[in-house]
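*Asks:* Can you keep this structure in mind? I'll have questions shortly.
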Amino acid sequence: MAINKEAGAEQRRLTDADAATVPWRRWGPYLSERQWGTVREDYSKDQDAWHHLSHDQARSRAYRWGEDGIAGFCDEEQSICLGLALWNGRDPILKERFFGLTNTEGNHGEDAKEYWFYLDATPTHSYQKMLYKYPQREFPYNDLVATNGRRGYEDFEYELLDTGIFAEDRYFDVVVEYAKAGPEDILARITVANRGPEAAPLRVLPSIWFRNTWSWGLPGPRPSLRAADGGGTVVEASHERTGTRWLTVLGDHPLLFTENESDGDHRKDAFHRYVIGGEKEAVNPARTGTKAAADIALDVPAGGTAVIRLRFSDQRGATLSAQEVDDLFALRIAEADEFYAACFAPSLGEDERQVARQAMAGMLWSKQYFGYDVERWLTEHDRDPLQARDLRNGDWFHMICHDVISMPDKWEYPWFAAWDLAFHTIALSLVDLGFAKQQLDLLLSRRYLHPNGQIPAYEWNFSDVNPPVHAWAVNLVYDLDKARNGRGDHAWLESIFHKLAKNFTWWLNRKDHDGNNIFQGGFLGLDNIGVFDRSAPLPTGGYLDQADGTAWMALYCQSMLRIALELAETDPVYAEQAQAYFENFAWIAVAVNHETGSATMWDEEDGFFYDLLRLPDGTSQRLRVRSLVGLLPLAAATVYDPAQTSRHPQLMENIRDFVNRHPSVSSVMSRGRPRGEHGERLLALFDESRLRRILARLLDEDEFLSPYGIRSVSRHHAEHPFQFRVGDSTYQVDYQPAESRSGLFGGNSNWRGPIWFPANVLMIRAMLNLYLAYGDELTVECPTGSGVHMNLFEVARELSERQTRIFLPGPGGGRPCYGGQQIFTSEHWRDLILFNEYYHGDNGAGLGASHQTGWTGLVALFPNVFAGLAGSHLLDQGMAGMLHELPGERTEGSA
């Protein structure tokens, strides 16, 4: 996935930013879309974050740890924020932030109830574009809350479209664009289009404010905003971190000022009270404060547009004409086009290119400043941080977060999630390898990684356990970087290897209950996939040996082995580390395949892996749920380049000696495991016989294979639910292709049937590695029972095409991701794409969080990986064949 070194102006900006010579990334879309209802802002005694600070309270209560807004832009420390407020003349509140339901209000958990779309972005944020559809009728806040409140888990969610508010196209398209004239010189353009049949009024308030740091006893002078001398619509902003800057709005408009504070004569909600209630005294007549806005009244004719232009600069008196602003935007748009032309395979069709570019726009818009000093937060709860283990995150008082992080979804999940972030870096590496590498390093840094070696999971419970995918992501990002630059970043790889080793040791010591190389881990990011809550004490007593936990650890071993081999190229001391990780993997493989004594995860009758329930009386029982849990052992399949292994003859001799000395290892490592066409070595948890049996289920359309990818639970369970009785209680898993029908893990996600992108990426990766090992000789029916035989490269491409199909317009113009909603085939909606958290297991409709480009942004990878790539390239060049038809240099790599 190399980027052409001649990609032009944006690539040069990236190079300068990576070299820290020009701070092109200093300003960006780092504002959250929801700060209320987060753990950071929760100071309640009952730890009820959703109700401690609600959407209704957010307009009047100052935040402690961050800010939110519409189309926000800020510096990387979120000292100064830019955003947008709107009023259509009918709403009961000023629209300063997007609305959605809390976890208890939504019938499937928290849920944004507005329509906005990320349309374009560059990695240095030299150009950004998003669209918000703002209704002209009164926004139905109460209706959305009440109607969703009456609906249950079995019912559809009640969405804004369902209210009829967009009837007759009575809404505004509000397009917000940013363009950088320089790293400290930012232009903004707000274009309002009236899509309705009549003229309509709109108040637009481009806003600037400071994150409130002065009300919490933090050191430093209080920042200030004031009306600049000399007239015009100019706000002067002074802050110790950013210096003095000026926000200029073209045209002559009133300026409003207040304080970003909860109390006082001029409070945070002053603009709401001024615009909606007509309270002139709400704003500061002295025209100073810590929050300000231009008050622009528009009357937009039917079908007409209005344009507002702004400049935010560190240069006093920096003014431009409307034409000069538009010329700069035209230049930045052309540079963005040039950049993406170099990033994407030239053979991509326009529809695929549009999907990939909007996916990357969503990834880049979803960066967010995340501030959270856990020790200070615990102290502000009047607790001794060293004795606060009963309080959420009480064990993580070492954490100090003040970073820009790639978020899953800046409204529904405005906090990092460890394994999500690892997948994000794969997609981000298409356009910004420097940022991808920094993100992987971040959660392993001393400010995040627990002293015991655990990676923090997410803010609701840092101590939860996410799948250990960082090492795999590090491998892939390193290879992509190597392909781009012609050499690997060994310094980065070596530094991160030692941090990963600490986390690997934590897994070995904490998640292997019996020390037998079979692992647990809890829910491991798959929320409700199990028959029990896997993170809670089991109703049976005992514990679970987890097929997915064990598979993750096998992949972890393989990934650490690859990193150690790479580092041993320049420092032979790492060959000993490579040996250790190989042995770790070997013992896991032995444990998984052990066929004597107690029950094992592999079920010979079903040809599938299952979690194993270990009961207090010493007996065991397989939990025969056919789900991703049993497919994930496929993911632990990695091929090693013979050119690399041959350069370490002593290591290979030591490995052979180890295998030969342990019959249990040699029986597993040699059974049904091929050597590739060029001597590639495969490490996997299964032999060919078991592989074929797993693939028969994976590729069965009555089980896992959907028209749109791999389901998380087999469709077999629709008519054959798995049931498990404990006393008078019956626990059940059935096939649920849409939203969750239970409140397990909050009820806002569902792993019991829908299609999830990270799982599909791992399956595609597995097929490519297995193809290198087995070549064209191994073919399987795809779909199972169809009579069509494919090699595993063809299977990988088939899975990729099915996933991409979710977003591509069909014969009638509709995209499967919209589930047949006709409005998305109309003129002003048809080119807009949302990237949901997961997708319906049968029809591909988007579900869950509606702006989780996050790991769903991986869809940008698929068409680029397979465009022009043939299986023969892969066999001839190893994983470097994946780079064959992509722009830029080609070199060896691995996935």
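*Asks:* Highest mean first, how do 170-177, 157-164 rank when packing is the count of other Cβ atoms within 10 Å averaged over residues?
*Replies:* My ranking of the peptides, most packed first, is 170-177, 157-164.
*Asks:* Can you tell me how much longer the chain between residue 723 and residue 689 gets when fully stretched, taken as 0.36 nm per residue apart minus their C-alpha distance, in nm with one decimal?
*Replies:* Gain on extension, residue 723 to residue 689, equals 9.3 nm.
*Asks:* For the Cα atoms of the chain, what angle does the longest principal axis make with the long axis of helix 433-442, in degrees from 0 to 90, nearest 10?
*Replies:* Helix 433-442 sits at roughly 80 degrees to that axis.
*Asks:* If you don't mind, another one. Apply the Karplus parameterisation 6.51 cos²θ - 1.76 cosθ + 1.60, with θ equal to phi minus 60°, to every residue of segment 377-393 and state each ³J(HN,Hα) to the nearest whole Hz, in sequence, with x for glycine and proline.
*Replies:* Once θ is set to phi - 60°, the couplings for segment 377-393 become 4, 5, 4, 5, 8, 6, 10, 6, x, 7, 9, 10, 5, 7, 9, 3, 6 Hz.
*Asks:* For residue 700, list long-range residues whose amide hydrogen, built 1.01 Å from N in the peptide plane, is under 5 Å from its own amide hydrogen.
*Replies:* 705, 784
*Asks:* (i) 0.97; (ii) 1.23; (iii) 1.30: which one is Rg/Rh (Cα atoms, Kirkwood Rh) as calculated from this entry?
*Replies:* Only one listed value fits the structure, namely (i).
*Asks:* Which residues in segment 752-780 have a backbone N closer than 14 Å to a point placed 7 Å from the Cα of residue 788 along the Cα-to-Cβ line?
*Replies:* 780
*Asks:* May I ask for the angle, rounded to the nearest 10°, between helix 649-661 and the longest principal axis of the chain, with both axes built from Cα atoms and the value confined to 0 to 90°?
*Replies:* Helix 649-661 sits roughly 60 degrees off the main axis of the chain.
*Asks:* What residues have an amide H closer than 5 Å to that of residue 622, excluding those fewer than 5 places away on the same chain, when H is modeled at 1.01 Å from N in the peptide plane?
*Replies:* 613
*Asks:* Same structure again: Leaving out ligands, DNA and RNA but keeping every protein chain, what accessible area does residue 604 have, in Å² rounded to the nearest 10, with a 1.4 Å probe?
*Replies:* Answer for residue 604: close to 110 Å² accessible.
*Asks:* Pop out the ³J(HN,Hα) list for segment 616-629 in order, Karplus 6.51 cos²θ - 1.76 cosθ + 1.60 with θ = phi - 60°, rounded to Hz; leave Gly and Pro as x.
*Replies:* Once θ is set to phi - 60°, the couplings for segment 616-629 become x, 7, x, 7, 9, 8, 6, 8, 7, 9, 7, 8, 4, 3 Hz.
*Asks:* Where does each of 252-262, 388-398 land if you order them by average Cβ count within 10 Å, highest first?
*Replies:* 252-262, 388-398
*Asks:* May I ask for the net charge around residue 154, where only other residues with Cβ less than 15 Å from the Cβ of residue 154 are counted and Lys, Arg are +1 while Asp, Glu are -1?
*Replies:* Taking every Cβ under 15 Å from that of residue 154, the sum is 0.
*Asks:* Still on this model: Toward the positive end of the charge dipole of the chain, about the Cα centre and with charges on Cβ (Lys, Arg +1; Asp, Glu -1), which of 331, 140, 369 goes farthest?
*Replies:* About the Cα centre, the residue reaching furthest to the positive side is 369.
*Asks:* Considering only protein heavy atoms, what per residue accessible area in square angstrom results for segment 506-602 with a 1.4 angstrom probe?
*Replies:* 31 Å²
*Asks:* Any chance you could give the angle, 0 to 90 degrees and rounded to 10, that helix 350-365 forms with the longest Cα principal axis of the chain?
*Replies:* Result, in degrees: 70.
*Asks:* Where Lys and Arg each count +1 and Asp and Glu each count -1, what net charge lies around residue 196 among other residues with Cβ under 9 Å from its Cβ?
*Replies:* In short, -1.
*Asks:* Kindly state, to the nearest 0.05, the FRET efficiency for residue 805 paired with residue 302, given R0 = 45 Å and r defined as their beta-carbon distance.
*Replies:* About 0.75, to the nearest 0.05.
*Asks:* Please compute the per residue accessible area over segment 383-448 with all protein chains in place, 1.4 Å probe, rounded to a whole number of Å².
*Replies:* Computed with neighbouring chains in place, this is 27 Å² per residue.
*Asks:* Just to confirm my numbers, what's the Cα centroid distance between segment 534-601 and segment 663-721 in Å?
*Replies:* 18 Å
*Asks:* Apply the Karplus parameterisation 6.51 cos²θ - 1.76 cosθ + 1.60, with θ equal to phi minus 60°, to every residue of segment 78-92 and state each ³J(HN,Hα) to the nearest whole Hz, in sequence, with x for glycine and proline.
*Replies:* 6, 7, 10, 10, 10, x, 9, 10, 9, 8, 8, x, 10, 5, x
*Asks:* Right, something else. Per the 1.4 Å probe, what fraction of the accessible area of the chain, in percent, lies on carbon and sulfur atoms?
*Replies:* 47 percent
*Asks:* Straight-line reach only, C-alpha to C-alpha below 20 angstrom: list the lysines that residue 280 could link to, leaving out same-chain residues fewer than 8 apart.
*Replies:* Result set, ordered by chain and number: 95, 268, 291.
*Asks:* Now, a different point. Which of the GluC sites (Glu not before Pro) found in segment 1-78 are in a DSSP loop and have at most 15 neighbouring Cβ atoms, other than their own, within 10 Å?
*Replies:* 6
*Asks:* OK, next. So if we plug the beta-carbon distance of residue 16 and residue 322 into 1/(1 + (r/R0)^6) with R0 = 41 Å, what FRET efficiency do we get, rounded to 0.05?
*Replies:* Plugging the Cβ-Cβ distance into 1/(1 + (r/R0)^6) gives 0.90.
*Asks:* What is the spin-label model distance, in nm, from residue 446 to residue 535 if the labels are put 7 Å beyond Cα along the C-beta direction?
*Replies:* That separation, rounded to one decimal, is 2.9 nm.
*Asks:* How large is the helix-only mean residue ellipticity at 222 nm for the chain, computed as the sum of -39500 (n - 2.57) over DSSP H runs with n ≥ 4, divided by its residue count, in deg cm²/dmol to the nearest 500?
*Replies:* -9000 deg cm²/dmol
*Asks:* What percent do you get for the relative contact order of the chain when only Cα pairs under 8 Å and 6+ apart count?
*Replies:* 12 percent
*Asks:* Report, by chain and number, residues whose modeled amide H sits under 5 Å from the one on residue 298, excluding near sequence neighbours (fewer than 5 apart, same chain).
*Replies:* Close amide H contacts, sequence-distant or interchain: 202, 203, 204.
*Asks:* Report the FRET efficiency, 1/(1 + (r/R0)^6), for residue 502 and residue 400, where r is their Cβ-Cβ distance and R0 is 30 Å, rounded to 0.05.
*Replies:* Given R0 = 30 Å and the Cβ-Cβ separation, E is 0.95.
*Asks:* So if each residue of separation counts as 0.36 nm, and I subtract the Cα-Cα distance between residue 870 and residue 389, what length gain in nm does that give?
*Replies:* 167.7 nm
*Asks:* While we're looking at this one, here's another question. Counting Lys and Arg as +1 and Asp and Glu as -1, what is the net charge of the other residues whose Cβ lies under 11 Å from the Cβ of residue 681?
*Replies:* Taking every other residue near residue 681 into account, the sum is 0.
*Asks:* So between residue 333 and residue 263, what do we pick up on full extension, going 0.36 nm a residue minus the alpha carbon distance?
*Replies:* Additional length available on full extension: 20.9 nm.
The values are calculated or read from the model by the stated rules, or taken from the named source; none is laboratory data. Being a predicted model, the structure only gives us computed values, none of them experimental. No Cβ is skipped: glycine too gets one built from the backbone with ideal geometry, and neighbour counts run over all protein chains shown. The accessibility values were calculated without ligands, DNA or RNA, using every heavy atom of the protein model including side chains. Shrake-Rupley method; radii C 1.70, N 1.55, O 1.52, S 1.80 Å.
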